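Before any comments, here is the structure.
The values are calculated or read from the model by the stated rules, or taken from the named source; none is laboratory data. Note that this is a predicted model, so its numbers are computed, not measured. Backbone-built Cβ (ideal geometry, glycine too); neighbour counts: all protein chains shown.
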């Protein structure tokens, strides 16, 4: 199923509910209350926006899986469902960012691991390990692995992944979303060359994060 609607389908229940409440308030509420609920409805529609993104395809280019700000770049050694040496890039998504996530690289989805967890603020270091998260591992044709980890934030309460293990995914293709503020960590092969810096603003499916060697 394609997920290229201008508004992500997961937003429809929230939008409909907000519209119903707004109409009810319009009949029985006061002026300031009507304005408030109209604003809330527009915000929900805007939050679930799902714009088209374009990038110039280039071999070995890794693109951002999320809109937001780069809050951490580090070399890490990980043992667990994600194991090995990686370069890790953390992207913080506030409530004003587009929350649809896109594949940073083309390949086959070899693993999807969901972990229940807490809901610390997504900009904290402990969010990577303690928060609710969903790990998606893409194995490229040459065998290298790129992990993309969707992490719930302080007010996020649902991580959505539209793909399944064994599926083939293209670079820049939409694969899921996180509702209402969150974070995405990307684990790249340790010999990757990073092209972004701390505090850089990035866009999913468009900004180049780096290059595979």
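Points to keep in mind about this one:
- Residues that are closer than 19 Å to residue 95 by Cα and either in the same structural domain as residue 96 (by TED's automatic domain parsing) or surrounded by 15 or more Cβ atoms within 10 Å (Cβ to Cβ) (or both), drawn from the stretch 13-39: 14, 15, 18, 37, 38
- Residues satisfying the stated conditions in the stretch 2-12, i.e. surrounded by 16 or more Cβ atoms within 10 Å (Cβ to Cβ) and not in a helix (DSSP H, G or I): 3, 8
- Meets criteria (within 26 Å of residue 74 (Cα to Cα) and part of a loop (DSSP other than H, G, I, E, B)) for residue 191: yes
- The set of residues in the stretch 97-114 being over 13 Å from the mean Cα position of the chain (by Cα) and either assigned to a strand (DSSP E or B) or free of Cβ contacts under 8 Å to residues at least 12 places away in the same chain (or both) consists of 107, 108, 109, 110, 111, 112, 113, 114.
- Given (1) surrounded by fewer than 22 Cβ atoms within 10 Å (Cβ to Cβ); (2) modelled with pLDDT under 95; (3) touching a strand residue (DSSP E or B) at 6+ places or on another chain (Cβ under 7 Å), number of the condition residue 191 does not satisfy: (3)
- Subset of the stretch 2-36 (residues that are over 22 Å from residue 162 (Cα atoms), in contact with a helix residue (DSSP H, G or I) (Cβ under 8 Å, 6 or more places away or on another chain) and at pLDDT below 90): 25, 26, 29, 33, 34
- Taken as a whole, the condition of being assigned to a loop (DSSP other than H, G, I, E, B), assigned by TED's automatic domain parsing to the domain that holds residue 84 and modelled with pLDDT of 90 or more applies to residue 171.
- Selection within the stretch 58-93 - farther than 25 Å from residue 133 by Cβ and touching a residue at least 12 places away in the same chain (Cβ under 8 Å): 60, 61
- Residue in the stretch 50-57 that is in a loop (DSSP other than H, G, I, E, B), surrounded by 14 or more Cβ atoms within 10 Å (Cβ to Cβ), within 17 Å of the chain's Cα centre (by Cα) and in contact (Cβ under 8 Å) with a residue 12 or more places away in the chain present: yes
- Hey, residue 64 within 21 Å of residue 182 (Cα to Cα) and surrounded by 15 or more Cβ atoms within 10 Å (Cβ to Cβ) or not: yes
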